[in-house]
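The values are calculated or read from the model by the stated rules, or taken from the named source; none is laboratory data. Note that this is a predicted model, so its numbers are computed, not measured. Here the Cβ positions follow ideal geometry from the backbone for every residue, glycine too, while neighbour counts run over all protein chains shown. The area values use the complete protein model at the heavy-atom level, side chains included, leaving out ligands, DNA and RNA. Shrake-Rupley method; radii C 1.70, N 1.55, O 1.52, S 1.80 Å.
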Amino acid sequence: MTRKPYRGNLITVSFDGQRCLHAAECVRGLPQVFDTAARPWIQPDAAPADEVAAVVRRCPSGALRYELVDGTVEVPPAATTVERAADGRLVLRGDLRVRAADGSETAEVRATLCGCGRSANQPYCDHSGVCGDGH
């Protein structure tokens with residue numbers, strides 16, 4: 001995974017394009033910060049840091065993360081949840097450790113995992129299999 005950081009004065013937002021499922025929670029939530037037509041497409045200083053963090057937390061795939069200048073990062077919810085979406089994807093939130101087939105492990109707060117086994121970005125969903133049909 002490659003995360004690209006977008007640094008602001010009070011918050012840094014990082015983005016992993018391989019994880020993005022284009023749910024557009026960010027674009028709908030703060031279009032002045034997340035503008036796919038602009039370069040760079042993420043402008044962390046275009047809204048208050050707490051609002052940017054709140055919108056980042058809505059990203060279901062975990063493609064977006066944030067860190068405040070004081071080192072504060074997203075805190076996992078008290079309860080871990082796993083939901084199967086209608087299309088088969090597994091949407092997880094909590095204090096997660098996701099292990100890939102190669103044995104590498106990543107700490108996550110939010111993740112959308114492949115439910116059909118066809119993703120080229122296992123274990124994460126990339127909409128390449130039946131889970132992604134209709135998207």
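Tabulated data
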| item | result |
| --- | --- |
| Computed [θ] at 222 nm, deg cm²/dmol, the chain (DSSP H ≥ 4; -39,500 (n - 2.57); rounded to nearest 500) | -2500 deg cm²/dmol |
| Solvent accessible area, Å² - Glu105, 1.4 Å probe, full protein context | 100 |
| Accessible surface of the chain [probe 1.4 Å, protein heavy atoms]: carbon and sulfur percent | 51 |
| Potential extension, Asn9-Asp102 segment - 0.36 nm per residue separation minus Cα distance | 29.8 nm |
| Among Val33, Ala46, Thr112 the positive-end extreme of the charge dipole of the chain (Cβ point charges) | Thr112 |
| Residue-normalised accessible area of the chain, given per residue in Å² at a 1.4 Å probe | 55 |
| Packing-based order for 7-15, 73-81, using average beta carbon neighbours within 10 Å, highest first | 7-15, 73-81 |
| Net charge dipole size for the chain [Lys, Arg +1 and Asp, Glu -1 on Cβ; Debye, nearest 20] | 220 |
| Inter-site label distance for Asp87 and Leu68 at 7 Å from Cα along Cβ, in nm | 3.4 |
| Computed label-point distance, nm, for sites Val130 and Ala46 using a 7 Å Cα→Cβ extension | 3.9 |
